[in-house]
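Inspection log for the structure reproduced underneath, given as structure tokens.
The values are calculated or read from the model by the stated rules, or taken from the named source; none is laboratory data. Note that the structure is a prediction, hence the values are computed from the model and not measured. Using ideal geometry, Cβ is built from the backbone for each residue, glycine included, and neighbour counts are taken over all protein chains shown.
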Amino acid sequence: MVCIIHTLKDNDRMSTQELLQTIARKIEEGEREFEIEACGQHDITGKGANLLFRITNPGQRVGAMGMDGVKIIVDGSAPADIGWLNSGADIVVKGDGGDTAAHCAAGGKIYVGGRVGTRSGALMKHDPKFEPPQFWVLKNTGSFSFEFMGGGIAVVCGFDCDGLSSVLGNRSCVGMVGGVVYVRGKVEGLAKCVEQVKLDKFDKDFLKSGMKEFLQEIGRTELEQDLLDFKNWSKILPLPKEQKEKKISVKEFKEQEWFEGGLFGDLVEDNGEVFGLAQSGDARIRKPEWEKDLCIDCSLCLNNCPQKAISKDLTRYNADSDRCIGCGICSAVCPRSAWKMV
Amino acid sequence: MAAVKINELHKSDLPWILEYDESKCIQCGKCTAVCSFNAIKPAVETRKTSNSIVNKEKTEKVLVIKQNVSLDNYCRGCGMCANVCPNGAIKLIRNEDDKYSVAYRAQKADSFKKGGRSNLNTEGRTLDKIKIGRISQMTDPSLDAQRHTFELKTPFGRVLKADKLNFDVKDGKIIETAQLPPNRWIYPIIFGDMSIGAVSWRMWEAMAIATAYLNEVHGIPIRMCTGEGGIPTKLLKSRYVKYMILQIASGHFGWNRIIKSMPEMTEDPAGILIKIGQGAKPGDGGLLLASKVARYVQEIRGVPKADLLSPPTHQGLYSIEESVQKMFLSMNAAFNFQVPVAIKVAASVTSVSVYNNLLRDPYNIVGGFFIDGLAAGTGAAHEISLNHTGHPITSKLRDCYLAAVHQGRQGEIPLFAGGGLGQTGSFAADAFKLICLGANGVFTGRMLMEIAGCVGSDTGRCNACNTGLCPAGIAAQNECLVKRLDVDKVAQNLVNYILATDIELKKLMAPVGCSTLPVGRSDALITVDKHISRRLDIQYSC
Amino acid sequence: MCRIGAIKSKNKLHPSMALKLMRSQQEGHDDSGFAFVMQDMGGLFENYKDLPLLSMAATVEGTRLAEDILREVGFTRVMQWSPDINHQKGLKIEAMPNYIFEVLQYPKSYRHASQEEKEELLIDTSIRLRKALEESSSGFIYSFWPDTLTLKEIGSPRDIGTYFNLWEENSDLTARIITAQCRQNTNYDIVRYAAHPFFLEGYTGLVNGENTFYEKNKSYQAKLYKGYMGFESDSQCLLYSLHYIHKILKWPLQYFKHTITPLPYDEIVRRENSEILLRIKASLAHLEVNGPNTLLAVTPQKELLCVCDSKKLRPVVIGKTEDTVIMTSEVVGINDLMPDRKIEDDIYPNERETVIVKNDLTVERWQQ
């Protein structure tokens, strides 16, 4: 027995709550097959195994949180969020889908016989304990699709997309970190975090087997041969982290692009050496100078110099500039001020 | 030993007191070697070795580290000595009973000068009392700061009202009929005007490299304002000049070389900034003390080694009209009316009048209005100006924006705000809030110094930029100090900081649902202060 | 999210079409109201297309006030229509005492006036009426313009339909363009002026989504033109921007999209007309919208227009048959009214598109 539900009587429209409660009641009563003439009610699906829904004119989120063993067939188009959070249902929309189709889907199959809108396939995921979700679209997707995709398989067949500059719209796959998007036709404006590559044998086998079922479900088997001509297909995968765009460093830029000898090369003497704090040589702020006439040869300076920079030859005390850091201890300990810091 | 007299400078009069732990000192001499101010010294002390009454004459001489007690060589608290001490034997203690500034004036008959910033933060920070309170959640989804696209660009140059663009329509398409004022799209942060001379050649080069790198490698169209201290000819003739906003202030330093280079310039500069005043010392002209006028500074500016004072006003500019005529017109003409010419003034009670006058300029040659608030920094100023003159940036920026709104002319002369941004560590937030209040962008010098390793603070540490003895080599002109600064690292850090700020700006744009700059979106802001709420016309929240 | 709809047809449409278009999109309603604007009138108003048609709702006092003002200005009544009210009990509607739809003749002194002068008089009179009604809290004026009829009411759309007998088709009240929305602006107070569609001098606009740049738009628009007033809803800003670009600046419609959602700089500089686009982006920065919005609009040339925000955060779909085009938020509404159309021809505009329905119902799609 097929359970038929009309949702419009005169000007009175059955609310979403009413419809979903009716479906739940009927399932409890043992109904398994439904025909629903909807009037934009949201979230149409049911809980239980072996359920079949044939729906016309559903509202948003048809098949939302779809469960294993549920099949939903929409005759015509459906608005936003088809198969939102689908976890196992098979959802077929023969016409177009609205925005964010297959949003967060993590299981089951979603087949769309037309195009889907902006942000479709966003945040799809794959739980490795289960089969990956599949999301098949006959025509194209809107912009920003497959945003933040984390897993699963999407197939965009690019049928009837002749005038389009990109079958995935603009800026799709932003933040994609997992899964794969198979696409047939031109793609422009992809996010930088993904790469578009050729199909391998595994991919082709997958598409061959999947395409047959997809086309059967949406009733377009005549397209099989055309769509399985692999020359226009490619797949989009997230780029491994290490391959993401690398830029030259500031140091490399300075070496390769900047002025030879530096911007001030012809104005100041500067070989680029960086002085450490309290270093010897030219890094010294003050340097010791020794005056022979004042020296009484007591060697206090020599003995107290922390850097052991002071040496004495026969007649002279000398501070080795390679060792001296200009601390002034020699000057401080000298009883006759023979060392001056200048 | 000479007698200590009361009318002398004593250690207890100084702003910082050296606390020396002899037991930890190994007498390595690094602390005294590193001090650029010559404020500490090794010294020999004579000590009694025993309290015995039998051997009471017995003494010994020991080596210690002491503080100089001198008006000229005194400790600024920069802390380099403590940084190099291997054992933590040195600490600098802020002296709450500091009498230095009295002594300085009393003995020198001169006003006290310093660099850095005002140390009299009596009013608290308005920007810290503002939060971004309008968060997109349900009605308008917020964005993902990391992954969505954001556009951080703002027009620089005169923007004409749509009905003044003189567009013609031909075959369903708009066509241009007249030459319009130059207008460029730039990043909303400008590296703010620090001259060669005010900062060291290494610091200046690091800023220039960071600017060029951000533009060419990251596509971030940041601009750097040169300050008024000349520009190396090499840079003028290079492609990088297009990232540079050339400054002209009342001293006109370095313009001789700019004009001489013009025939060989292959690119136009990013803009011209006419500096009328600066936030740290409004009403005061530039000041570069002789100690900083190094040989190359003399050359590039065309002056001898002497204190360089720019007059507080541009000679010959008696009114706003004349200023428009002389400065704006001439500067526009210099680059064939193809380079935006903007003006920088210190925030003041009168800023709005200036802005209104410029908005009404019939020649449309004013390409930007930079307002600099009192918390700004400076290379050198009289302390009296630094601490007691000026106007906070926030309300003045807001006044200017609202004055334009009142006339339906917001955005026509882009507003740029600066002065103390990032003071409490939140540069991106400060920038964002000012943009919401009406700024097209912000400019900063102080952040660049901080990033480069400046050790100064708003509470009196260091602030010796005027001396040329900057211990970090940023504002130094002394070769051994300048060479402490690592150009590569400073450039890299500047770049990193801007990249971080870019992320942070997006982190603020995203929750308010903006993918473009929220100029004038004061509805995104709230404040917990009723006075601020009323004054700035933003929502009071509690 | 609001649901919005616009229908343009070669046939004369009754407002019941609008109710039916919105019925299946009811999940977006909250029983806060129903409003529609009819343009290119048929039925009783067919023969008065050049004369101003006043649509208002008022108390008795407000009605008298308006009459006095109109008389003083010199307008004379030519024709009046009153809806057939169903006073059935229990209807969810906050009805006003009087609903006035009347065709007026211009003052004698305006008989030979130019179109511009007449339009000036209409907008000035509208503003005056609005202010007078507002000061005395005695009513609302929705439109005062030739060939345009507006009704806005608070309550359940279904019951408002019943109250005004709009569910049943009749040939008195028809038009070739109807725009409608089935709820009030619930972000703020429920006030009649905040209900879409908004109308100004031949331009009608309906928007869904919150305009995050409301303050920015409003502060700029408030000084642009005297007719930019009210701002009860952040969506009015989009209508005013359309009016400004098209009527005041006289720029082609395609520049409207460049104004409200300017292209990113990096993309503009690659365009042939980058200089123009950058100027627009800078000069009209305060008319940008950055929120999630779809705008449906009608121009004085009786063309329909549809644009989305640059992130395309709101749905919209366009369906058509030989004689009718519908633009609305969700395809369910179109499915209800045109189940037999060719769904392959449905148009889902993208974030860069402006879709225009010409007077002959051809649909043009312009990429920004």
query = Quick one: which of B:Ile474, B:Ile498, B:Ile503 is touching a Ser or Thr at 6+ places or on another chain (Cβ under 7 Å), assigned by TED's automatic domain parsing to the domain that holds B:Glu299 and of a type in the set (Val, Ile, Thr)?
reply = B:Ile474
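In the stretch B:265-305, which residues are acidic (Asp, Glu) and closer than 19 Å to B:Gly377 by Cβ? Before you say what the answer is, go through the steps one by one.
First pass over the stretch B:265-305, keeping only residues acidic (Asp, Glu): B:267-268, B:284, B:299.
The one that is acidic (Asp, Glu) and closer than 19 Å to B:Gly377 by Cβ: B:Asp284.
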Options A:Ile82, A:Ile55; residue that is within 14 Å of another protein chain (Cβ to nearest Cβ), closer than 30 Å to C:Ser16 by Cα, among the hydrophobic types (A, V, I, L, M, F, W, C) and in contact with a Phe, Trp or Tyr (Cβ under 9 Å, 6 or more places away or on another chain) = A:Ile55
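Got a sec? Which strands (runs of 3 or more DSSP E) wholly within the stretch A:1-105 have at least 1 residues that are closer than 28 Å to A:His126 by Cα? Walk me through how you get there before you give the answer.
On the way: elements: A:2-6, A:33-37, A:51-56, A:70-74, A:87-93.
Per the criteria, A:51-56, A:70-74, A:87-93.
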query = What do you reckon, is C:Val332 within 23 Å of A:Arg115 (Cα to Cα) and either within 13 Å of another protein chain (Cβ to nearest Cβ) or among the basic types (Lys, Arg) (or both)?
reply = yes
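Please indicate, with yes or no, whether at least one residue in the stretch B:10-22 is over 39 Å from the mean Cα position of the chain (by Cα), away from every other protein chain (no Cβ under 11 Å) and not aliphatic (A, V, I, L, M).
Yes, the conditions are met somewhere in the stretch B:10-22.
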query = Are any residues in the stretch B:518-531 within 21 Å of B:Gln410 (Cβ to Cβ) and either at the interface with chain C (Cβ under 9 Å from one of its Cβ atoms) or part of a helix (DSSP H, G or I) (or both), and if so, which ones?
reply = B:Pro518, B:Val519, B:Gly520, B:Arg521, B:Ser522, B:Asp523, B:Ala524
key: Test: B:Val366 is touching a residue at least 60 places away in the same chain (Cβ under 8 Å), more than 14 Å from every other protein chain (Cβ to nearest Cβ) and farther than 26 Å from B:Asp458 by Cβ   = yes
task = Hey, can you tell me all the residues within the stretch B:1-44 that are out of contact with any Lys or Arg (no Cβ under 9 Å at 6 or more places or on another chain) and among the β-branched types (Val, Ile, Thr)?
result = B:Val4, B:Ile6, B:Ile26, B:Val34
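Among the residues that make up the stretch C:266-277, is at least one of them in contact (Cβ under 8 Å) with a residue 12 or more places away in the chain and either of a type outside the set (A, V, I, L, M, F, W, C) or crowded, with 24+ Cβ neighbours inside 10 Å (or both)? Lay out the reasoning, then the answer.
Of the stretch C:266-277, the ones in contact (Cβ under 8 Å) with a residue 12 or more places away in the chain are C:268, C:277.
When the remaining residues are screened for being either of a type outside the set (A, V, I, L, M, F, W, C) or crowded, with 24+ Cβ neighbours inside 10 Å (or both), the result is none.
For the stretch C:266-277, residues in contact (Cβ under 8 Å) with a residue 12 or more places away in the chain and either of a type outside the set (A, V, I, L, M, F, W, C) or crowded, with 24+ Cβ neighbours inside 10 Å (or both): absent.
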task = All but one of (1) small (Gly, Ala, Ser); (2) surrounded by fewer than 20 Cβ atoms within 10 Å (Cβ to Cβ); (3) within 14 Å of chain B (Cβ to nearest Cβ); (4) touching a residue at least 24 places away in the same chain (Cβ under 8 Å) hold for C:Ala222, so report the exception by its number.
result = (4)
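Here's the yes/no breakdown for (1) crowded, with 20+ Cβ neighbours inside 10 Å; (2) within 14 Å of chain B (Cβ to nearest Cβ); (3) in contact with a strand residue (DSSP E or B) (Cβ under 7 Å, 6 or more places away or on another chain); (4) not in a loop (DSSP other than H, G, I, E, B):
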position: C:Trp145; (1), (2), (3), (4): yes, no, yes, yes
position: C:Leu149; (1), (2), (3), (4): yes, no, yes, yes
position: C:Glu169; (1), (2), (3), (4): no, no, no, no
position: C:Asp172; (1), (2), (3), (4): no, no, no, no
position: C:Ile178; (1), (2), (3), (4): yes, no, yes, yes
position: C:Ser241; (1), (2), (3), (4): yes, yes, no, yes
position: C:Tyr244; (1), (2), (3), (4): yes, yes, no, yes
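Check whether at least one residue in the stretch C:250-273 is hydroxyl-bearing (Ser, Thr, Tyr), outside any strand (DSSP E or B) and over 22 Å from C:Gly202 (Cβ atoms), and report yes or no. Before you say what the answer is, go through the steps one by one.
Going residue by residue through the stretch C:250-273, those that are hydroxyl-bearing (Ser, Thr, Tyr) are C:255, C:259, C:261, C:265.
Cutting the leftovers down to outside any strand (DSSP E or B) gives us C:255, C:259, C:261, C:265.
Applying the additional criterion that residues be over 22 Å from C:Gly202 (Cβ atoms) yields C:261, C:265.
Checking the stretch C:250-273: at least one residue is hydroxyl-bearing (Ser, Thr, Tyr), outside any strand (DSSP E or B) and over 22 Å from C:Gly202 (Cβ atoms).
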message = So, B:Ala43, is that one within 14 Å of chain A (Cβ to nearest Cβ), of a type outside the set (Lys, Arg), farther than 22 Å from B:Ala472 by Cα and outside any loop (DSSP other than H, G, I, E, B) or not?
response = yes
inquiry  = I'd like to check something: does the stretch B:488-495 contain any residue that is within 16 Å of B:Ala428 (Cβ to Cβ) and not polar (S, T, N, Q)?
reply    = yes
inquiry  = Quick test for you: out of A:Glu217, A:Glu245, A:Glu269, pick the one residue that is more than 9 Å from chain B (Cβ to nearest Cβ) and part of a loop (DSSP other than H, G, I, E, B).
reply    = A:Glu245
inquiry  = As an exercise: evaluate B:Ala109 against (1) surrounded by 15 or more Cβ atoms within 10 Å (Cβ to Cβ); (2) modelled with pLDDT of 85 or more and give the number of the one condition it does not meet.
reply    = (1)
Which numbered condition B:Ala198 fails, given (1) under 30 Å from B:Ala476 (Cα atoms); (2) within 14 Å of chain A (Cβ to nearest Cβ); (3) touching a helix residue (DSSP H, G or I) at 6+ places or on another chain (Cβ under 8 Å) = (2)
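Just for strands (runs of 3 or more DSSP E) wholly inside the stretch B:72-172: which have at least 3 residues that are farther than 30 Å from B:Leu214 by Cβ, assigned by TED's automatic domain parsing to the domain that holds B:Ala417 and out of contact with any Asp or Glu (no Cβ under 6 Å at 6 or more places or on another chain)? Let's see the steps before the verdict.
Working: elements: B:90-94, B:113-116, B:130-132, B:154-157, B:168-170.
Answer list for the stretch B:72-172: B:168-170.
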note = The residue that is surrounded by the most Cβ atoms within 10 Å (Cβ to Cβ), considering only those in the stretch B:375-408 that are farther than 29 Å from B:Gly197 by Cβ and of a type in the set (S, T, N, Q), is B:Thr394
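Out of the residues in the stretch A:248-264 that are of a type outside the set (D, E, K, R) and more than 8 Å from every other protein chain (Cβ to nearest Cβ), state the one that is farthest from B:Val297 (Cα to Cα). Before the answer, list the steps.
Pass one, the stretch A:248-264, residues of a type outside the set (D, E, K, R): A:248-250, A:253, A:256, A:258-259, A:261-264.
In the following step, the residues that additionally are more than 8 Å from every other protein chain (Cβ to nearest Cβ) were identified as A:256, A:261.
Working: A:Gln256: 27, A:Gly261: 18 Å.
Here the residue is A:Gln256.
Being of a type in the set (A, V, I, L, M), more than 26 Å from B:Leu505 (Cβ to Cβ) and part of a strand (DSSP E or B) is the filter here, so list the residues in the stretch B:173-225 that pass it. Full working, then the answer.
So in the stretch B:173-225, the residues of a type in the set (A, V, I, L, M) come out as B:174-175, B:178, B:180, B:186, B:189-190, B:194, B:196, B:198-199, B:203, B:206-210, B:212, B:214, B:217, B:220, B:222, B:224.
Adding the requirement that they be more than 26 Å from B:Leu505 (Cβ to Cβ) leaves B:174-175, B:178, B:180, B:196, B:198.
Answer for the stretch B:173-225, where residues must be of a type in the set (A, V, I, L, M), more than 26 Å from B:Leu505 (Cβ to Cβ) and part of a strand (DSSP E or B): B:Ile174, B:Ile175, B:Ile196.
Within the group A:Val181, A:Val174, which residue is away from chain B (no Cβ under 12 Å) and either in contact (Cβ under 8 Å) with a residue 24 or more places away in the chain or not in a loop (DSSP other than H, G, I, E, B) (or both)?
Values: A:Val174 fails: away from chain B (no Cβ under 12 Å).
One residue alone meets the criteria, A:Val181.
Residue check: is B:Gly456 within 14 Å of chain C (Cβ to nearest Cβ), outside any helix (DSSP H, G or I) and in contact (Cβ under 8 Å) with a residue 40 or more places away in the chain? Before you say what the answer is, go through the steps one by one.
Working: within 14 Å of chain C (Cβ to nearest Cβ): no; outside any helix (DSSP H, G or I): yes; in contact (Cβ under 8 Å) with a residue 40 or more places away in the chain: yes.
No.
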task = Examine the stretch B:220-238 for a residue that is free of Cβ contacts under 8 Å to residues at least 60 places away in the same chain, under 16 Å from the mean Cα position of the chain (by Cα) and away from chain A (no Cβ under 14 Å), and state whether such a residue exists.
result = yes
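Going through the stretch C:293-302 one residue at a time, which ones are touching a residue at least 60 places away in the same chain (Cβ under 8 Å) and surrounded by fewer than 24 Cβ atoms within 10 Å (Cβ to Cβ)? Spell out how you get there, then give the answer.
Pass one, the stretch C:293-302, residues touching a residue at least 60 places away in the same chain (Cβ under 8 Å): C:293-300, C:302.
C:Thr299, C:Pro300, C:Lys302 - these are the residues of the stretch C:293-302 that are touching a residue at least 60 places away in the same chain (Cβ under 8 Å) and surrounded by fewer than 24 Cβ atoms within 10 Å (Cβ to Cβ).
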Matching residues in the stretch A:129-156 - criterion: being at pLDDT 95 or above, in a loop (DSSP other than H, G, I, E, B) and more than 22 Å from C:Val317 (Cα to Cα) = A:Lys129, A:Phe130, A:Glu131, A:Pro132, A:Pro133, A:Met149
